[in-house]
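One structure is given here, and the rest of the page talks about it.
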Amino acid sequence: MSPEKSAHFNRPAVLLSAVALLMLLSTAFCPAARALSYDSETISMFTMNSVNALKRIRNGNFSVLYRGFGSRKAGEIDHDELLGFRFLLDTPHQSRALRTLIEENEKAGMSSDEAFNKARSQQTKILQKIFNTIDSTKELYENRRGKSFEAAKVGVPDPETHFIFCSPRIGVARMYGPIVIVIQETRPRGMDLNGIARAARYYSLGRFLKNVGDLDFRMIMADYVADRDEYVIPSYILPVDISGLIVHSTSPVVIGNRLAVPPPAVRRVYRKYQHKGAMVIDVLDNKDRLIARLSTVPAFTTVEADVTRSPMPLPDNIQKVWNDYVKTVRSKK
């Protein structure tokens with residue numbers, strides 16, 4: 001770590017954080033990780049935050065997070081909306097690297113559960129290799145051209161693929177796809193990348209002027225717009241942390257596969273909450289009118305007389321997945 005960066009970290013806290021991270025990463029995963037809550041053996045990068053980053057997290061700056069994903073093509077939004085709906089129910093939202101490991105294990109003949117459990121163990125070792133020092137966090141917040149290719153040359157997996165990138169700013173999340181997941185962590189496991197980067201003096205005037213001089217406006221856009229208030233969660237998010245889904249329509253113009261002009265209109269909103277211990281999902285249209293109220297407990301689907309109803313029906317593919325989910329839950333009882 002350079003003198004400039006180390007001067008802005010609390011040295012004792014940094015050493016403890018590094019040890020704590022390695023302890024968390026080296027702990028073996030257990031099958032309970034697929035349950036409705038996180039266990040003590042779940043990977044966490046929380047201790048890698050700088051002092052000010054920890055303060056921002058504890059002050060609630062990241063209590064509600066947004067994660068955008070999916071294709072902007074009209075025909076593919078429906079498919080991605082269905083995937084997002086599954087994340088609300090019982091499917092962990094996984095990082096790209098974890099998905100790749102799972103697929104490789106399934107091709108080797110493992111069942112889905114076996115593949116998932118082994119992949120998490122494999123990813124633990126990979127994360128240990130990449131993030132073995134505090135300075136290694138720059139692999140996540142630093143923007144530079146060809147970064148992933150540099151990692152591949154030295155045999156290190158692209159660090160960014162092991163994390164789920166979020167932001168408390170919905171406008172930022174919306175740049176990454178029309179399907180926006182609403183996340184409320186039951187236990188903070190992630191890192192405030194902007195907070196860590198500021199502690200390392202990443203956003204220096206010198207860097208900004210160099211990018212201006214090089215006419216590298218893409219880097220400026222990445223530093224100050226696309227990555228604003230960036231928060232990263234390692235490996236995966238369980239359904240218990242996903243409280244909603246915002247589905248956007250297409251836009252006539254998309255610049256750089258990011259900036260949609262004009263901002264895409266909302267198509268549907270899914271709000272998940274607990275009522276007397278049972279999960280309830282309200283589906284609303286773009287005028288905040290109720291399309292449907294879903295719950296495995298029939299009594300909780302009652303809609304009050306003063307609630308404005310939408311003429312829009314629940315999409316057939318969403319209804320089918322919900323019906324199948326209800327059958328599965330009731331069969332277990």
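The values are calculated or read from the model by the stated rules, or taken from the named source; none is laboratory data. Since this is a predicted model, take the numbers as computed values, not measurements. Cβ coordinates were reconstructed from backbone atoms using ideal geometry, including for glycine residues, and neighbour counts include every protein chain displayed.
Against the criterion of being among the small types (Gly, Ala, Ser) and either under 24 Å from Met175 (Cβ atoms) or surrounded by fewer than 11 Cβ atoms within 10 Å (Cβ to Cβ) (or both), Ala292 does not qualify. Taking the stretch 54-75 as the range and being modelled with pLDDT of 90 or more and either part of a helix (DSSP H, G or I) or exposed (fewer than 15 other Cβ atoms within 10 Å of the Cβ) (or both) as the test, the residues that pass are Leu54, Lys55, Arg56, Ile57, Arg58, Asn59, Gly60, Ser63. Contact map, the stretch 158-183: residues that are under 15 Å from Tyr236 (Cβ atoms) and in the same structural domain as Tyr231 (by TED's automatic domain parsing) paired with residues that are in a loop (DSSP other than H, G, I, E, B) and β-branched (Val, Ile, Thr), Cβ distance under 7 Å, separation 6+ or inter-chain. No pairs are found.
Scanning the stretch 309-322 for residues that are farther than 19 Å from Gly244 by Cβ and touching a strand residue (DSSP E or B) at 6+ places or on another chain (Cβ under 9 Å) gives Arg309, Pro311, Pro313. Which of the following residues is of a type in the set (Lys, Arg) and in contact with a Pro (Cβ under 9 Å, 6 or more places away or on another chain): Arg58, Arg99, Arg120? It is Arg58. Exactly one of (1) at pLDDT below 95; (2) out of contact with any Cys (no Cβ under 9 Å at 6 or more places or on another chain) is unmet by Glu230. Its number? Failed condition: (2). Every listed requirement among (1) more than 26 Å from Val329 (Cα to Cα); (2) in a helix (DSSP H, G or I); (3) over 18 Å from the mean Cα position of the chain (by Cα); (4) at pLDDT 90 or above is met by Ala97 save one, (3).
Condition check ((1) in a loop (DSSP other than H, G, I, E, B); (2) of a type outside the set (S, T, N, Q)) across all residues:
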position	(1), (2)
Val269	no, yes
Ile281	no, yes
Ala292	no, yes
Ala305	yes, yes
Asn317	no, no
Val321	no, yes
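The single condition among (1) over 15 Å from Tyr236 (Cα atoms); (2) surrounded by 15 or more Cβ atoms within 10 Å (Cβ to Cβ); (3) touching a residue at least 24 places away in the same chain (Cβ under 8 Å) that Met110 does not satisfy is (3). Listed by position, the helices (runs of 4 or more DSSP H) contained in the stretch 117-176 that have at least 2 residues being at pLDDT below 85 are 138-141, 147-153.
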